[in-house]
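Down below is the structure, laid out as structure tokens.
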Amino acid sequence: MFVVIMGAGRVGYLVAKMLENEGHDVTIIDINKERAKELSFLINGLVLEGDATDQKTLEEANVKQADTFAALTGRDDANILACILAKHLNPKIKTILRISKPKNKEVFERVEDLKKYFDVVISPEEIAANYIFRSITIPGFDRVLFPREGAEIVKFPLNDGSEISEKVVKELNLPKDSLIVAIYDEKGNLIIPSGDTKLPKKGEVVVFAKNAVLKDIKTVFERKKTTEGQS
């Protein structure tokens, strides 16, 4: 896959490195001469100094041949214009628009006339705020957020003291808006479970669930075995 990225800041650089590590081709455009020069030594792909809101710059970056264009600067107005231009030059390209102001993100997700220019609208600030909020209000486990769906993937440890260790999945009586999607045993072996799968004595359980039921799930997974002689 060939991806053109607008913006050589922290987000743009990290995305570029991840793509390159997966074997994808990347070109980065940045308006800052020094930053563009610096980044040219850090990634394998082409780094262009230029304004991605200028059609000539996008053409020089070969956006007409690209599969995806990601506008990832901290300037909403520039990101918006660059995505529109990229779609104009290459109607088949997938555009990813970074929006810093959450209110702007809501507008682009609702207005049908705008959706044709932006395939994905994302706000790193909103995602970070949601992550921090969820970590404060329901702490105690690793998580991956799905803000639009109102859901998360969370991970719980299993150990000798866990009440649910060595129980069968269907016997856990988890809320209906939750699903165990993966189990890891003590050695790190992955198990894709069914209802008849028995949990290991030690390991980790990965659950996909709606936010509304996370507290109930947390209660189930953190319940400890009662010691002999206790009620």
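The values are calculated or read from the model by the stated rules, or taken from the named source; none is laboratory data. Computed from a predicted model, the values in this text were never measured in an experiment. Note that each Cβ is placed from the backbone with ideal geometry, even for glycine, and that neighbours are counted across all protein chains shown. Surface accessibility is based on the protein's heavy atoms, side chains included, excluding ligands, DNA and RNA. Shrake-Rupley method; radii C 1.70, N 1.55, O 1.52, S 1.80 Å.
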Inset, instruction - Kindly indicate whether any position in the stretch 199-208 is open to solvent by 90 Å² or more (accessible area, probe 1.4 Å), modelled with pLDDT under 90 and either assigned to a loop (DSSP other than H, G, I, E, B) or touching a Gly at 6+ places or on another chain (Cβ under 6 Å) (or both). - result: no
Legend entry - Single condition residue 53 does not satisfy, out of (1) farther than 18 Å from residue 75 by Cα; (2) crowded, with 17+ Cβ neighbours inside 10 Å; (3) at pLDDT 95 or above: (1)
Inset, instruction - Say whether the condition of being exposed (fewer than 12 other Cβ atoms within 10 Å of the Cβ), at pLDDT 85 or above, among the charged types (D, E, K, R) and more than 17 Å from the chain's Cα centre (by Cα) is met by at least one residue in the stretch 82-104. - result: yes
Inset, instruction - Given the conditions (1) exposed (fewer than 15 other Cβ atoms within 10 Å of the Cβ); (2) at pLDDT 95 or above; (3) touching a helix residue (DSSP H, G or I) at 6+ places or on another chain (Cβ under 9 Å), report the number of the one that residue 65 does not fulfil. - result: (3)
Legend entry - Filter pass, residue 228 being at pLDDT below 90, closer than 24 Å to residue 150 by Cβ and surrounded by fewer than 16 Cβ atoms within 10 Å (Cβ to Cβ): no
Inset, instruction - Using the structure shown, decide if residue 72 is open to solvent by less than 50 Å² (accessible area, probe 1.4 Å), among the aliphatic types (A, V, I, L, M) and within 15 Å of residue 26 (Cα to Cα). - result: yes
Inset, instruction - Can you tell me which residue within the stretch 1-50, out of those that are of a type in the set (Lys, Arg) and either under 19 Å from residue 78 (Cα atoms) or more than 19 Å from the chain's Cα centre (by Cα) (or both), is surrounded by the most Cβ atoms within 10 Å (Cβ to Cβ)? - result: 35
Legend entry - Residue match in the stretch 146-159 (condition: over 23 Å from the mean Cα position of the chain (by Cα), over 19 Å from residue 28 (Cα atoms) and modelled with pLDDT of 85 or more): yes
Inset, instruction - Scan 164, 180 and give me the residue that is modelled with pLDDT of 85 or more, surrounded by 14 or more Cβ atoms within 10 Å (Cβ to Cβ), aliphatic (A, V, I, L, M) and not in a strand (DSSP E or B). - result: 164
Inset, instruction - Could you tell me which numbered condition residue 56 fails, if it satisfies all but one of (1) basic (Lys, Arg); (2) closer than 21 Å to residue 120 by Cβ; (3) over 19 Å from the mean Cα position of the chain (by Cα)? - result: (2)
Inset, instruction - Say whether the condition of being at pLDDT below 95, more than 17 Å from the chain's Cα centre (by Cα) and within 21 Å of residue 19 (Cα to Cα) is met by at least one residue in the stretch 68-75. - result: yes
